[in-house]
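Below: the structure, in structure tokens.
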Amino acid sequence: MQSTLSLSSDFHHTKDCTLFSDRLASVKPSPSMAAKAKVDALRAQGRKVIDFTIGEPDFDTAPHIIEGGINALKSGQTRYTASAGTPALRAAIVRKLERENQLSFRVEEVVVGCGAKHIIYNAFAASLNEGDEVIVPAPFWVSYPDMVALQAAKPVIVQCSEASGFKLEAAALAAAITPRTRWVILNTPNNPTGAVYTREELVAICDVLRAHPQVWLLTDEIYEHFVFNGAKHVSPLSIAPDLRDRTLLVNGLSKAYAFTGWRIGYGAGPVELVKRINLLLTQSTTCASAMSQAAAVVALDGPQDCVAEAAQLFAKRCDRVMQLIDQIPGLSCVRPDGAFYAFVNVQKLLGKLTPEGRALASDVDVMNYFIEHAQVAVIDGTSYGCPGFLRLSFATSMEEIESGFAAITEAVGACRPALGTIHA
Ligand SMILES: Cc1ncc(COP(=O)(O)O)c(C=O)c1O
């Protein structure tokens, strides 16, 4: 019974490895995709599950953007496009970067892919050789280390402490750089912690990078529009224009425009890198969907109210989630300044016993206890390179948030101290 409820991966590498690429040996399936599949499977069995694993807005794409996609189909945009993206979309991205980030790019410096994930994957494929190193600050978005490993390169995980707000500090970066370092990844606002780097923090990081001309900077800014508590998104390139010839800015429409299923993301960077990413696209996906690209132009050039409304909604939910976490003894959370996740410290629950007498030895155990006992799905911090924490997404309705936290409160309250524990 327990195994059917476990959110941990049920993926096993086959023993007959000769049939498959050696590079897959170190690659895990995306834990967030695995969690989604598990929640879907439980619901298909008729179980009521409150899902806090969701990595996408819980509302539909705005009607005027959907209309843009439909119009594209009706006007015959049903064929392959240029592999780097339609001229119309690349121009709209150039305008967006100018308008919102005060960055000026030429169309040739922009490449469109099937999501930001696709661009990051191809950027690594275009630039990494075996044994190269990529600095990945932890907690990290689950896909970065695996995408690096798929190129036979080495993810170098740099732990960022809870006390630092889960942000990469300049000294830690400096200590991690070696002659083999090829990239540093900066994700702001951050998935899974909601950390948003300040201008000063970015200045310090860029100062370190200046001394290492062999290192590229990948800035993943996909949550840029969702910032709260007075935080502001700063695009690293805007404060370090001199790093432009070795920076790839990655963004996409998935989060800001509730556009995840349309699959549009983009990279903006030096022409030589963009050309090589495009070369890989020509031999793999050919191009992103023509209809989606047309809808993306409508999204980027059209009214931005849907983005502002989504940002307000997430800010309100963030406030409520923080209140609810504060009321549960044993849980704590560094307040997220952006994105739509709370990264909750569950270390005080470790060592306790569930009502069934099982010991909670890790965040994975707590995750499994929450789904079994409370029917609440969350993702373990271990998957994000940070044991002792859970990621809770608040990209779900306020009603689900209230009932999910009521169930978590009950589940936490039902745990007992392990035998032999001495209380003050
Ligand atoms: C930090 C981060 N980067 C990139 C992506 C990929 O987004 P997409 O491929 O949908 O554009 C995600 C999705 O969850 C993310 O959280």
(request) Only Lys, Arg, Asp and Glu count, each charged at its Cβ (+1, +1, -1, -1), so figure out the dipole size of the range 312-424 about its Cα centre, rounded to 20 debye. (result) 240 debye
(message) What do you get for the angle between helix 199-210 and the principal long axis of the chain? Use alpha-carbon atoms, 0 to 90 degrees, nearest ten.
(response) 60 degrees
(request) Report, in debye and to the nearest 20, how large the dipole of the range 251-348 comes out about its Cα centre when Lys and Arg carry +1 and Asp and Glu carry -1 on their Cβ. (result) 300 debye
(message) Projecting each Cα onto the charge dipole of the chain (Lys/Arg +1, Asp/Glu -1 at the beta carbon, about the Cα centre), which of Ser397, Asn345, Gly76 comes out farthest on the positive side?
(response) Gly76
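Using DSSP loop states and a limit of at most 10 other Cβ atoms within 10 Å to flag chymotrypsin sites (Phe, Trp or Tyr not before Pro), what is the longest stretch of the chain containing no flagged site? Could you put the intermediate results ahead of the total?
Values: sites that count: Phe11, Tyr80.
Longest stretch, sites excluded: 81-424.
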(message) For Val271, project a label point 7 Å along Cα to C-beta. Then give me every residue of the range 93-116 with its amide nitrogen under 13 Å of that point.
(response) 106-110
(request) Scan around Ser332 for amide H atoms under 5 Å from its own, H built in the peptide plane at 1.01 Å from N, and keep only partners 5 or more places away or cross-chain. (result) Asn345
(request) Return one number: the angle in degrees, 0 to 90 and rounded to the nearest 10, between the long axis of the Cα atoms of helix 271-282 and the longest principal axis of the Cα atoms of the chain. (result) 70 degrees
(request) Of the options Met291, Leu280, Tyr384, report the single residue whose Cα projects farthest towards the positive end of the charge dipole of the chain (beta-carbon charges: Lys, Arg +1; Asp, Glu -1). (result) Leu280
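Contact order normalised by length for the chain, with contacts defined as Cα pairs under 8 Å and 6 or more residues apart; what percent is it? Mind showing how you got there, number by number?
On the way: 805 pairs, mean separation 92.3, N = 424.
It comes to 22 percent, rounded to a whole number.
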(message) Only bridges whose two residues both fall in the chain count here: according to DSSP, what percent of them are antiparallel, nearest 5?
(response) 50 percent
(message) Filter Lys48/Lys316; Lys36/Lys316; Lys154/Lys352 down to the pairs with a C-alpha to C-alpha distance above 32 Å, please.
(response) Lys154/Lys352
(request) Among the listed pairs Lys28/Lys117; Lys117/Lys255; Lys167/Lys232; Lys117/Lys232; Lys96/Lys232, give every one whose C-alpha distance is greater than 22 Å. (result) Lys117/Lys232
(request) DSSP loop (so not H, G, I, E, B), at most 14 other Cβ within 10 Å: list which trypsin sites (Lys or Arg not before Pro) in the range 97-127 pass both filters. (result) Arg106
(message) Using the Karplus curve 6.51 cos²θ - 1.76 cosθ + 1.60 with θ = phi - 60°, what ³J(HN,Hα) values do you get for each residue of the range 64-80, in whole Hz, with x for Gly and Pro?
(response) 5, 7, 4, 4, x, x, 5, 4, 4, 5, 5, 8, x, 7, 10, 10, 4
(message) In Å, what Kirkwood hydrodynamic radius results for the chain from the alpha-carbon pair distances?
(response) 22.5 Å
(message) How tilted is helix 398-413 with respect to the longest principal axis of the chain? Cα atoms for both, answer in degrees (0 to 90, nearest 10).
(response) 40 degrees
(request) Could you size up the charge dipole of the chain around its Cα centre, putting +1 on the beta carbon of Lys and Arg and -1 on that of Asp and Glu, and report it in debye to the nearest 20? (result) 520 debye
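The numbers here are math on the coordinates, done by the rules we state, and not lab data. Computed from a predicted model, the values in this text were never measured in an experiment. All Cβ positions, glycine included, derive from the backbone under ideal geometry; neighbour counts span all protein chains shown.
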